[in-house]
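Quick notes on the structure that follows.
No value in this document is a laboratory result; all are computed from the given coordinates. Here the structure is a predicted model, which means the values were calculated and not measured. For neighbour counting, all protein chains shown are included, and Cβ atoms are generated from backbone atoms with ideal geometry for every residue, glycine included.
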Amino acid sequence: MNAIDLAGRHAVVTGGAQGIGAAVCARLRQSGAEVTIWDLEPGPSDGLAVDIADEASVAAALAATRARSPRIDILVNSAGIAGPTAPTWDYSLEDWERVQAVNVRGTFLSCRAIVPVMIGQNYGRIVNIASIAGKEGNPNAAAYSASKAAVIALTKSLGKELADRPIAVNCVTPAAARTRIFDAVSEEFVAFMLAKIPRGRFLELDEIAAMIAWLVSAENSFTTGAVFDLSGGRATY
């Protein structure tokens, strides 16, 4: 493992209690960062129970986080849900809105809460976890695909808004990794996702954590508003 120096940095990771978020937390801690998890069910960690889709919950989490550590140097938006798989014309409005609430509104609310802290300290690194589905669109997953396309666009807009400051905002577009998000989709859909990856395997959690660890480091001092591919060759743009 390559060493990345995050000593003295404080990170907030949404959805950090499991899956990709948990792997990111482990890697950031190994690199010397202090990590605060925002998750609906933070588990036995020292994280905070937060509903990122709820404005009041995010505001309370921000206050509690700053009481522990006034600086927030890093934000990784990992919380997300897949939603059910169904053709667009059969997709329920309730399911559509639930996916947008977590994946889009939650990412927006977390960024909106923490960016002013980063502006005040004149430093910050934000990584939003989108998906290859946000680039290409997956059939029978219109809600998820649309939500992740929105995360990509949000990243680009926020990156440009903060480009005149030492605050970098980027996103990653991973292919599928075997996490609990697979529980919400069919085996046929899992097989479809695997068949689309030229490397012939799913993404390993330590691979995405490694890329994010560099993106949130001080070394990433020029790139902002960018999309970093983690699709195993599925998308090369």
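Some points to look at:
- By the Stokes-Einstein formula, at 0.890 mPa s and 25 °C, the chain with its Kirkwood radius over alpha-carbon pairs has D equal to 139 µm²/s.
- Assigned charges on the beta-carbon of Lys, Arg, Asp, Glu; the stretch 1-116 dipole about Cα centre (debye): 540
- Using a cutoff of 8 angstrom between alpha carbon atoms and counting only pairs six or more residues apart, the relative contact order for the chain works out to 20 percent.
- Inter-part distance where the stretch 84-107 and the stretch 26-75 are each reduced to a Cα centre, Å: 25
- DSSP-assigned coil residues among GluC sites (Glu not before Pro) in the stretch 156-207, each with at most 14 further Cβ atoms within 10 Å: 204
- A cut-off of 5 Å between modelled amide H atoms, ignoring neighbours fewer than 5 places along the same chain, links residue 48 with 37, 38, 39.
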